[in-house]
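First up is the structure itself, then whatever we jot down about it.
The values are calculated or read from the model by the stated rules, or taken from the named source; none is laboratory data. Quick caveat: nothing in here was measured; it's all calculated off a predicted structure. Here the Cβ positions follow ideal geometry from the backbone for every residue, glycine too, while neighbour counts run over all protein chains shown. These area figures cover heavy atoms from the full protein model, side chains too; ligands, DNA and RNA do not enter into them. Shrake-Rupley method; radii C 1.70, N 1.55, O 1.52, S 1.80 Å.
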Amino acid sequence: MAGHRAIVSASILDSDLSNLSRECRKALKAGSDRIHLDVMDGHFVPNITFGPAIIKRLRKIGKQPFDAHLMISEPGRYMDQFIDAGCDSITFHVEVEEPIEPTLLKIRKAGRLAGLAIKPATPLSALDPYRDLLDIIMVMTVEPGFGGQKFMADVARKIDPAHQVFRDRPGERPSRREVHVDGGANRDTAEYCGGLGVDVLVAGSTLWKKGADIEQEIKLIKSLADKGYRHRRPAGEPSKKHTAGEAE
Ligand code: DX5
Ligand code: ZN
C-alpha cells in the first residue's frame, strides 16, 4: 500500500480502558502508525488516567512507537519512569511551572524524541527558548483533559508556523521535526490539518465511537490529510473550502 505523508497516532483515552493491550493491538492492526498515551494527573488537567507502570506493561504488545503525552504538573519528577517504561517519544506541556530544559535534555539523552505540547491559548512564541531541543511540537486543538471535544480550527492555524520553530543545536543530532495535532482530529478536520502541513494526527474518540470501522476511519484520516497537503496554498493557507472544516 502506498505510504502516506501524514500518519496517525491513535489515542486510547476513549477506548475500552479495561483491556488496553487489546485496544492498542486493534488500533495498530487497523493501520495506526503509533499509539498516543494520554497521561493525566488530576492536577495539570481535571482528569486522571494512567502512568508509567501501565505503559511499561503495554510495551509487551510489540515494538510499535509509543507517543506519551504527559498532562502532568511535574514531568521532571517522573521522567525517568517514562523513559524506563519504553516510551519512544515523550511530550509534556510548555505551561508547566518548573524548569523545562533539563527535562527535554534528559529525554534526548535517553535517545527518545522530546516534545512540547501547547494549550490552545498559548502562543507558539512560548516554545522559543527550547527550539533547539525539540523533536515534536504538539498543537492542542482542544483544552487538554478529555476526548471528544470540538476541534478549534482557528487554533489549528498554529500548525503551519510551528514548523519554523525547530532549529538544531550545533554538534547535536538533528531534530526529528514533527508537528502533531491533538484534539478533534477526524474525517471532518483531517483535510484542513493536512493543508496546514501537519505530520501526525492524533485520533481519539472518532476511532472508538459505537459502530466505527476503525480501519476505515484511519485510512480516511490519512488520505484526507494527504489531500489537504497536496492542495495547500504556497503560504500554507488551507484552501477556502476547508477553512470551514471545523467539526460541527
Ligand atoms: C485530550 C487528549 C487527546 C484526546 C484526543 O486531552 O490529549 O489525545 O484523546 O481525543 P479526541 O480525538 O477525541 O479529541
Ligand atoms: Zn493527547
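Observations on the structure shown:
- Taking amide hydrogens as placed 1.01 Å from N in the peptide plane, the amide H of residue 36 sits under 5 Å from those of 10, 11, 12, 67, each at least 5 positions away in sequence or on another chain.
- Unit charges on C-beta of K, R, D, E only; dipole of the chain, Debye: 900
- If a spin label sat at a point 7 angstrom from the Cα of residue 176 along the line to its beta carbon, the backbone N atoms of the range 1-36 nearer than 11 Å would be those of 34-35.
- Apolar share of the accessible surface for the range 1-157: 53 percent from carbon plus sulfur atoms, 1.4 Å probe.
- Against the rule of thumb 2.2 N^0.38 Å, how large the Cα Rg of the range 167-227 comes out: 1.37
- The Rg/Rh ratio for the chain, using Cα coordinates for both the radius of gyration and the Kirkwood hydrodynamic radius, is 0.94.
- The Cα atoms of the range 51-134 give a gyration tensor whose axes a ≥ b ≥ c have a/c of 1.5 or more with a/b greater than b/c, which makes the shape prolate.
- At a probe radius of 1.4 angstrom, the accessible area of the range 9-107 per residue rounds to 43 square angstrom.
- Between the range 128-162 and the range 46-93, the C-alpha centres lie 19 angstrom from each other.
- Set 106/158; 60/109; 109/219 screened for pairs whose C-alpha atoms are more than 31 Å apart: 109/219
- Estimated inter-spin distance, residue 88 and residue 150, nm [label 7 Å along Cα→Cβ]: 3.5
- Using just its DSSP H runs of length 4 or more, each adding -39500 (n - 2.57), the chain gives a mean residue ellipticity at 222 nm of -8000 deg cm²/dmol after division by all residues.
- Listed residue (66, 205, 116) projecting farthest to the positive dipole end of the chain, Cβ model: 66
- DSSP-defined beta bridges in the chain - what % are antiparallel, rounded to 5: 5
- Förster radius 51 Å - calculated FRET efficiency between residue 231 and residue 169, Cβ distance, rounded to 0.05: 0.90
- Distance between modelled label sites at residue 54 and residue 5, nm, 7 Å Cα→Cβ extension: 3.5
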